[in-house]
Amino acid sequence: MDQATWGFAGVVLGSLIPLVSNWGDHRRQRRERRGDFLRTKLERREAFELEHLVEVNQLLRNLRRHGDELISAKQPDPRYSKPPVNHAERCRTAMREADAALDAQVGFILDDMVRELVKVAAERITDRAWTVYTDAPATFEEGMQRGTLGIGVYTALEETNEAVQAAYEAITMRVRELYAGLREPRGWPFFF
């Protein structure tokens, strides 16, 4: 090879080295940006999931409380003072609102298992409350005389408590998983 060819090869190689270096830097920067994007996306999803799990937990507690209040509105305990005249209507309204609020948030739970357990618990709470409210004896004393206070729809209390407890435990476990580092919800495809 003559000197001109070597000179030309040197110029070509000299111009290729910065291009290769720039290409490597560009790929590294792309990987870093992609990593930052994925971390940010994961953090946002975790914050979203935690917020909704806490909210659903509270809404489930409200639904349960309003369900118990609806049942007690039908059969107030004679040991306490008589409730106001419009107490039953307020309890029915509060129960409907609590059920609607929980129903609106359940769909935002990302974990399929937790979402299903919350749905079952909400169903059991509302079914029991409305069934007892509509089918129970008019007064506590009437139920005592007929001997029906401990049977029928009242036996659903144990099933309701089990379903609600399972939902609370699932919510608690999922929150712990998020804080412990197991981030992907079960049953949810996690694509980037």
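A few points about this structure:
- Candidate set: the stretch 94-109, residues that are in a helix (DSSP H, G or I) and under 10 Å from the mean Cα position of the chain (by Cα); chosen: the one surrounded by the fewest Cβ atoms within 10 Å (Cβ to Cβ): Gln105
- Flag for Leu70 being open to solvent by less than 40 Å² (accessible area, probe 1.4 Å), part of a helix (DSSP H, G or I) and closer than 30 Å to Ala180 by Cα: no
- Filter result (open to solvent by less than 100 Å² (accessible area, probe 1.4 Å) and either among the polar types (S, T, N, Q) or in contact with a strand residue (DSSP E or B) (Cβ under 8 Å, 6 or more places away or on another chain) (or both)) within the stretch 1-38: Thr5, Ser15, Ser21, Asn22, Gln29
- Against the list (1) within 28 Å of the chain's Cα centre (by Cα); (2) in contact (Cβ under 8 Å) with a residue 24 or more places away in the chain; (3) surrounded by 14 or more Cβ atoms within 10 Å (Cβ to Cβ), the condition Lys41 fails is (3).
- Filter result (open to solvent by less than 30 Å² (accessible area, probe 1.4 Å), β-branched (Val, Ile, Thr) and modelled with pLDDT of 90 or more) within the stretch 110-140: Val114, Val118, Ile125, Thr126
- Residue within the stretch 151-162 that is open to solvent by 60 Å² or more (accessible area, probe 1.4 Å), over 21 Å from Arg65 (Cα atoms) and at pLDDT below 60 present: yes
- Qualifying residue in the stretch 45-60 (condition: at negative phi and at pLDDT below 85): no
- Contact annotation: residue pairs with Cβ atoms under 9 Å, 6 or more positions apart or on different chains, pairing a residue in the stretch 85-96 that is without any contact (Cβ under 8 Å) to a residue 60 or more places away in the chain with a partner that is of a type outside the set (S, T, N, Q) and surrounded by fewer than 13 Cβ atoms within 10 Å (Cβ to Cβ), are Arg90/Pro84.
The values are calculated or read from the model by the stated rules, or taken from the named source; none is laboratory data. Bear in mind that the values here come from a model prediction, so they are computed numbers and not experimental data. As a convention, Cβ positions derive from the backbone with ideal geometry for all residues, glycine included, and neighbour counts pool all protein chains shown. For the accessible areas, the whole protein counts, side chains as well, though only heavy atoms, and no ligand, DNA or RNA atoms are used. Shrake-Rupley method; radii C 1.70, N 1.55, O 1.52, S 1.80 Å.
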